Amino acid sequence: MKLLILGGTGNMSRQITLQAVQAGHDVTVFNRGTRKDFAVPSEVRVVTGDRRTPGLLEEKFHNCSFDAVIDMLSYTEDDALQTLKVFDGHVQHIIFTSSTAAYEMPQRTVPVREDSCALWTENIFPYGFEKAKMERRVWSTVSEAAKTIIRPSLTFGVGCSNIGILRQNANIMYRILEGRSLVMMGDGTMYRNFTFAPDMADAYLKTLLNPAAYGKAFNVTNGISYMWDDLYNTVASVLGCKADLVHISTETLLCFDPVLFGHLELEKKYCGLFDCSAFRQAVPDWKPRYDLKKGMEMIVSWWQESRFPLNEEKDIKET
(Lines give C-alpha, C1' and ligand atoms only; values in the text may rest on other atoms or scores of the structure.)
Protein backbone atom coordinates (compact mmCIF):
# COMPACT_ATOMS: atom_id res chain seq x y z
CA MET A 1 0.00 0.00 0.00
CA LYS A 2 1.16 3.52 -0.78
CA LEU A 3 0.69 5.36 2.49
CA LEU A 4 1.16 9.02 3.40
CA ILE A 5 1.42 9.98 7.06
CA LEU A 6 0.95 13.64 7.89
CA GLY A 7 3.21 13.66 10.92
CA GLY A 8 5.14 10.42 11.24
CA THR A 9 7.62 11.27 14.01
CA GLY A 10 5.48 12.02 17.08
CA ASN A 11 4.49 9.84 20.00
CA MET A 12 1.96 7.71 18.12
CA SER A 13 2.89 8.45 14.54
CA ARG A 14 6.51 7.29 14.80
CA GLN A 15 5.14 3.89 15.75
CA ILE A 16 2.78 4.01 12.77
CA THR A 17 5.77 4.78 10.56
CA LEU A 18 7.84 1.93 11.96
CA GLN A 19 5.06 -0.64 11.82
CA ALA A 20 4.00 0.42 8.32
CA VAL A 21 7.55 -0.13 7.07
CA GLN A 22 7.72 -3.50 8.84
CA ALA A 23 4.46 -4.47 7.13
CA GLY A 24 6.00 -3.72 3.74
CA HIS A 25 4.05 -0.57 2.90
CA ASP A 26 5.47 2.19 0.67
CA VAL A 27 5.57 5.01 3.24
CA THR A 28 5.91 8.79 2.87
CA VAL A 29 5.86 11.15 5.86
CA PHE A 30 5.27 14.89 5.89
CA ASN A 31 6.32 17.01 8.86
CA ARG A 32 8.45 20.00 9.87
CA GLY A 33 11.56 17.88 10.39
CA THR A 34 12.18 19.27 13.86
CA ARG A 35 12.21 16.04 15.87
CA LYS A 36 15.78 15.01 16.63
CA ASP A 37 14.98 12.00 18.81
CA PHE A 38 13.69 9.72 16.04
CA ALA A 39 15.54 8.44 12.99
CA VAL A 40 13.06 7.86 10.17
CA PRO A 41 13.77 4.48 8.52
CA SER A 42 15.76 4.74 5.31
CA GLU A 43 12.92 3.17 3.34
CA VAL A 44 10.65 6.13 4.11
CA ARG A 45 10.35 9.12 1.81
CA VAL A 46 10.46 12.30 3.90
CA VAL A 47 8.78 15.51 2.73
CA THR A 48 9.56 18.48 4.94
CA GLY A 49 7.31 21.45 5.54
CA ASP A 50 4.82 23.14 7.86
CA ARG A 51 1.22 22.44 6.93
CA ARG A 52 0.24 25.86 8.31
CA THR A 53 2.23 27.58 5.55
CA PRO A 54 -0.41 28.74 3.05
CA GLY A 55 -0.42 26.64 -0.11
CA LEU A 56 2.49 24.42 0.94
CA LEU A 57 0.57 21.17 1.34
CA GLU A 58 -1.00 21.69 -2.08
CA GLU A 59 2.41 22.46 -3.57
CA LYS A 60 4.04 19.35 -2.11
CA PHE A 61 1.28 16.90 -3.04
CA HIS A 62 -0.62 18.33 -6.00
CA ASN A 63 0.40 15.33 -8.13
CA CYS A 64 0.13 12.81 -5.30
CA SER A 65 -0.99 9.25 -5.72
CA PHE A 66 -1.52 7.34 -2.49
CA ASP A 67 -3.87 4.60 -1.45
CA ALA A 68 -4.46 6.17 1.95
CA VAL A 69 -3.56 9.13 4.17
CA ILE A 70 -3.26 9.11 7.95
CA ASP A 71 -3.61 12.69 9.19
CA MET A 72 -2.04 13.15 12.61
CA LEU A 73 -1.83 16.93 12.17
CA SER A 74 -5.44 18.14 11.91
CA TYR A 75 -6.13 20.21 15.02
CA THR A 76 -8.69 22.64 13.57
CA GLU A 77 -11.49 22.61 11.03
CA ASP A 78 -9.26 24.52 8.59
CA ASP A 79 -6.65 21.75 8.87
CA ALA A 80 -9.25 19.10 8.04
CA LEU A 81 -10.63 21.12 5.14
CA GLN A 82 -7.11 21.52 3.75
CA THR A 83 -6.47 17.77 3.95
CA LEU A 84 -9.72 17.02 2.14
CA LYS A 85 -9.05 19.67 -0.50
CA VAL A 86 -5.57 18.38 -1.29
CA PHE A 87 -6.19 14.65 -1.20
CA ASP A 88 -9.81 14.07 -2.15
CA GLY A 89 -9.96 12.34 -5.50
CA HIS A 90 -6.34 11.23 -5.17
CA VAL A 91 -6.64 8.69 -2.34
CA GLN A 92 -9.15 6.01 -1.35
CA HIS A 93 -9.18 6.52 2.41
CA ILE A 94 -8.30 9.30 4.86
CA ILE A 95 -8.00 8.64 8.60
CA PHE A 96 -8.25 11.77 10.74
CA THR A 97 -6.92 11.83 14.29
CA SER A 98 -9.19 13.48 16.81
CA SER A 99 -9.22 12.89 20.58
CA THR A 100 -11.55 11.77 23.35
CA ALA A 101 -10.98 15.33 24.59
CA ALA A 102 -13.53 16.35 21.94
CA TYR A 103 -16.32 15.05 24.23
CA GLU A 104 -17.99 17.54 26.54
CA MET A 105 -16.96 17.01 30.15
CA PRO A 106 -18.00 15.71 32.55
CA GLN A 107 -19.24 12.86 30.40
CA ARG A 108 -22.73 11.60 31.19
CA THR A 109 -22.09 7.89 30.65
CA VAL A 110 -19.26 5.61 31.77
CA PRO A 111 -17.66 4.18 29.78
CA VAL A 112 -18.21 6.78 27.08
CA ARG A 113 -19.76 5.49 23.87
CA GLU A 114 -19.49 7.37 20.61
CA ASP A 115 -23.26 7.82 20.50
CA SER A 116 -23.78 8.69 24.17
CA CYS A 117 -21.89 11.95 24.67
CA ALA A 118 -21.95 15.20 22.76
CA LEU A 119 -18.89 16.93 21.38
CA TRP A 120 -17.93 20.36 22.64
CA THR A 121 -20.04 23.21 21.29
CA GLU A 122 -18.62 25.90 23.59
CA ASN A 123 -14.99 26.97 23.79
CA ILE A 124 -14.49 25.98 27.43
CA PHE A 125 -11.62 23.59 26.68
CA PRO A 126 -9.88 24.99 23.56
CA TYR A 127 -8.05 21.81 22.49
CA GLY A 128 -11.17 19.66 22.73
CA PHE A 129 -13.35 22.38 21.20
CA GLU A 130 -11.09 22.69 18.15
CA LYS A 131 -10.99 18.90 17.72
CA ALA A 132 -14.80 18.83 17.85
CA LYS A 133 -15.00 21.52 15.18
CA MET A 134 -12.48 19.57 13.11
CA GLU A 135 -14.68 16.48 13.27
CA ARG A 136 -17.77 18.41 12.18
CA ARG A 137 -15.85 19.75 9.20
CA VAL A 138 -14.83 16.23 8.16
CA TRP A 139 -18.42 15.00 8.12
CA SER A 140 -19.93 18.14 6.57
CA THR A 141 -17.52 18.14 3.61
CA VAL A 142 -18.56 15.98 0.68
CA SER A 143 -15.68 13.87 -0.61
CA GLU A 144 -14.94 10.95 -2.88
CA ALA A 145 -12.44 9.52 -0.41
CA ALA A 146 -13.71 7.36 2.43
CA LYS A 147 -13.21 8.99 5.83
CA THR A 148 -12.64 7.62 9.33
CA ILE A 149 -12.02 9.47 12.59
CA ILE A 150 -10.03 7.88 15.42
CA ARG A 151 -10.29 9.28 18.93
CA PRO A 152 -7.36 8.17 21.11
CA SER A 153 -7.32 8.84 24.83
CA LEU A 154 -4.15 9.13 26.94
CA THR A 155 -1.50 7.32 24.91
CA PHE A 156 2.10 6.87 26.01
CA GLY A 157 5.09 5.83 23.98
CA VAL A 158 8.72 6.52 23.23
CA GLY A 159 8.92 10.23 22.45
CA CYS A 160 5.88 11.21 24.51
CA SER A 161 5.68 14.16 26.89
CA ASN A 162 2.34 13.56 28.59
CA ILE A 163 2.85 11.11 31.47
CA GLY A 164 1.42 11.91 34.89
CA ILE A 165 -1.12 14.43 36.10
CA LEU A 166 1.44 17.21 35.55
CA ARG A 167 3.04 15.69 32.45
CA GLN A 168 6.12 15.32 34.66
CA ASN A 169 7.49 12.45 32.57
CA ALA A 170 10.97 11.42 33.74
CA ASN A 171 10.56 13.56 36.88
CA ILE A 172 8.30 10.79 38.16
CA MET A 173 11.13 8.28 37.86
CA TYR A 174 13.70 10.55 39.52
CA ARG A 175 11.45 11.45 42.43
CA ILE A 176 10.60 7.81 43.08
CA LEU A 177 14.26 6.78 42.96
CA GLU A 178 15.17 9.60 45.34
CA GLY A 179 12.37 8.69 47.77
CA ARG A 180 10.62 12.01 47.22
CA SER A 181 6.84 12.44 47.26
CA LEU A 182 4.63 12.86 44.22
CA VAL A 183 1.51 15.00 44.11
CA MET A 184 -1.69 13.16 43.19
CA MET A 185 -5.02 14.91 42.61
CA GLY A 186 -7.93 13.76 44.76
CA ASP A 187 -7.66 10.30 46.25
CA GLY A 188 -6.02 8.85 43.13
CA THR A 189 -8.91 6.47 42.42
CA MET A 190 -10.37 8.19 39.36
CA TYR A 191 -10.46 5.70 36.49
CA ARG A 192 -8.60 6.11 33.19
CA ASN A 193 -7.61 4.14 30.13
CA PHE A 194 -3.85 4.25 29.59
CA THR A 195 -2.92 3.06 26.09
CA PHE A 196 0.49 2.62 24.49
CA ALA A 197 1.68 3.83 21.12
CA PRO A 198 2.59 0.44 19.57
CA ASP A 199 -1.01 -0.72 20.08
CA MET A 200 -2.44 2.51 18.68
CA ALA A 201 -0.23 2.22 15.61
CA ASP A 202 -1.51 -1.29 15.01
CA ALA A 203 -5.08 0.03 15.30
CA TYR A 204 -4.47 2.70 12.65
CA LEU A 205 -2.87 0.28 10.21
CA LYS A 206 -5.63 -2.30 10.62
CA THR A 207 -8.20 0.43 9.89
CA LEU A 208 -6.68 1.39 6.54
CA LEU A 209 -8.86 0.54 3.52
CA ASN A 210 -11.26 -1.29 5.83
CA PRO A 211 -14.81 -0.68 4.54
CA ALA A 212 -16.26 -1.48 7.97
CA ALA A 213 -14.54 1.68 9.26
CA TYR A 214 -15.65 4.05 6.51
CA GLY A 215 -17.80 6.96 7.59
CA LYS A 216 -17.36 6.30 11.30
CA ALA A 217 -15.72 7.85 14.35
CA PHE A 218 -14.22 5.48 16.91
CA ASN A 219 -12.90 5.59 20.45
CA VAL A 220 -9.67 3.60 20.50
CA THR A 221 -8.01 2.64 23.79
CA ASN A 222 -6.72 -0.66 25.12
CA GLY A 223 -9.94 -0.97 27.11
CA ILE A 224 -8.26 -1.70 30.46
CA SER A 225 -9.48 0.25 33.49
CA TYR A 226 -6.81 1.74 35.73
CA MET A 227 -6.71 4.40 38.45
CA TRP A 228 -4.33 7.34 38.48
CA ASP A 229 -2.50 5.87 41.46
CA ASP A 230 -1.86 2.72 39.40
CA LEU A 231 0.23 4.72 36.91
CA TYR A 232 2.68 5.98 39.54
CA ASN A 233 2.73 2.72 41.48
CA THR A 234 3.51 0.81 38.30
CA VAL A 235 6.47 3.08 37.50
CA ALA A 236 7.70 2.49 41.04
CA SER A 237 7.26 -1.28 40.69
CA VAL A 238 9.27 -1.30 37.45
CA LEU A 239 12.02 0.60 39.29
CA GLY A 240 11.87 -1.80 42.25
CA CYS A 241 10.69 0.95 44.60
CA LYS A 242 7.55 2.29 46.24
CA ALA A 243 5.84 5.54 45.31
CA ASP A 244 5.12 8.07 48.06
CA LEU A 245 1.91 9.69 46.81
CA VAL A 246 0.52 12.78 48.49
CA HIS A 247 -3.19 13.12 47.74
CA ILE A 248 -4.51 16.66 47.50
CA SER A 249 -7.92 17.78 46.26
CA THR A 250 -8.05 19.26 42.78
CA GLU A 251 -9.61 22.44 44.18
CA THR A 252 -6.69 22.91 46.60
CA LEU A 253 -4.15 22.35 43.83
CA LEU A 254 -5.89 24.94 41.64
CA CYS A 255 -5.74 27.48 44.46
CA PHE A 256 -2.08 26.70 45.10
CA ASP A 257 -0.95 27.23 41.49
CA PRO A 258 -3.68 27.84 38.89
CA VAL A 259 -1.16 27.90 36.05
CA LEU A 260 0.57 24.61 36.85
CA PHE A 261 -2.60 22.75 37.86
CA GLY A 262 -5.19 24.54 35.73
CA HIS A 263 -5.43 21.83 33.08
CA LEU A 264 -6.56 19.24 35.65
CA GLU A 265 -10.04 20.74 35.80
CA LEU A 266 -10.96 19.60 32.28
CA GLU A 267 -8.26 17.19 31.16
CA LYS A 268 -7.84 14.83 34.10
CA LYS A 269 -10.34 15.50 36.88
CA TYR A 270 -13.11 13.32 35.47
CA CYS A 271 -13.40 9.62 34.71
CA GLY A 272 -11.63 8.69 31.47
CA LEU A 273 -13.03 5.31 30.43
CA PHE A 274 -14.12 4.83 26.83
CA ASP A 275 -16.16 2.09 25.21
CA CYS A 276 -14.28 0.67 22.22
CA SER A 277 -16.74 -2.05 21.22
CA ALA A 278 -17.65 -0.28 17.97
CA PHE A 279 -14.01 -0.24 16.90
CA ARG A 280 -13.46 -3.86 17.90
CA GLN A 281 -16.48 -4.87 15.83
CA ALA A 282 -15.15 -3.01 12.78
CA VAL A 283 -11.55 -4.20 13.31
CA PRO A 284 -11.93 -7.59 15.04
CA ASP A 285 -8.32 -8.67 14.52
CA TRP A 286 -6.96 -5.76 16.58
CA LYS A 287 -5.71 -7.08 19.92
CA PRO A 288 -3.72 -4.71 22.19
CA ARG A 289 -0.54 -6.24 23.58
CA TYR A 290 0.51 -3.62 26.15
CA ASP A 291 -0.95 -3.49 29.62
CA LEU A 292 0.25 -0.83 32.06
CA LYS A 293 3.20 -2.83 33.37
CA LYS A 294 4.56 -3.79 29.95
CA GLY A 295 4.02 -0.27 28.67
CA MET A 296 5.78 1.40 31.58
CA GLU A 297 8.69 -1.01 31.29
CA MET A 298 9.12 0.35 27.75
CA ILE A 299 8.85 3.97 28.94
CA VAL A 300 11.20 3.60 31.92
CA SER A 301 13.79 1.91 29.71
CA TRP A 302 13.56 4.84 27.28
CA TRP A 303 13.93 7.38 30.09
CA GLN A 304 16.97 5.60 31.47
CA GLU A 305 18.67 5.17 28.10
CA SER A 306 18.01 8.77 27.09
CA ARG A 307 19.30 10.15 30.41
CA PHE A 308 16.65 12.84 30.60
CA PRO A 309 17.48 15.68 32.99
CA LEU A 310 15.12 16.64 35.78
CA ASN A 311 12.54 19.20 34.65
CA GLU A 312 13.05 21.86 37.33
CA GLU A 313 9.94 23.80 36.28
CA LYS A 314 7.70 20.89 37.31
CA ASP A 315 9.80 19.65 40.22
CA ILE A 316 7.57 20.69 43.10
CA LYS A 317 9.61 21.33 46.22
CA GLU A 318 8.58 19.82 49.53
CA THR A 319 7.94 22.29 52.34
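The values are calculated or read from the model by the stated rules, or taken from the named source; none is laboratory data. Treat the numbers as computed from the prediction; the structure is a model and nothing was measured. Virtual Cβ from ideal backbone geometry, glycine too; neighbours counted across all protein chains shown. Protein only, heavy atoms only, side chains kept; ligands, DNA and RNA dropped before computing areas. Shrake-Rupley method; radii C 1.70, N 1.55, O 1.52, S 1.80 Å.
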Checking D291, D285, D244, D275 in turn, the sole residue that is closer than 23 Å to Y103 by Cα and touching a residue at least 60 places away in the same chain (Cβ under 8 Å) turns out to be D275
Exception for T83 within (1) polar (S, T, N, Q); (2) crowded, with 24+ Cβ neighbours inside 10 Å; (3) without any contact (Cβ under 8 Å) to a residue 24 or more places away in the chain falls at (3)
Considering only the range 191-270, give the helices (runs of 4 or more DSSP H) lying wholly within it that have at least 1 residues that are more than 27 Å from Y290 (Cβ to Cβ) and touching a Gly at 6+ places or on another chain (Cβ under 8 Å). 250-256
Would you check if there is a residue in the range 95-109 being open to solvent by 50 Å² or more (accessible area, probe 1.4 Å) and touching a Gly at 6+ places or on another chain (Cβ under 9 Å)? yes
Could you say whether any residue in the range 293-316 is within 17 Å of R192 (Cβ to Cβ) and part of a strand (DSSP E or B)? no
Please indicate, with yes or no, whether at least one residue in the range 110-125 is modelled with pLDDT under 95 and not in a loop (DSSP other than H, G, I, E, B). no
Filter pass, L154 being surrounded by 15 or more Cβ atoms within 10 Å (Cβ to Cβ) and more than 21 Å from R14 (Cβ to Cβ): no
Test of understanding: among K60, K36, which residue is touching a strand residue (DSSP E or B) at 6+ places or on another chain (Cβ under 6 Å) and open to solvent by 10 Å² or more (accessible area, probe 1.4 Å)? K60
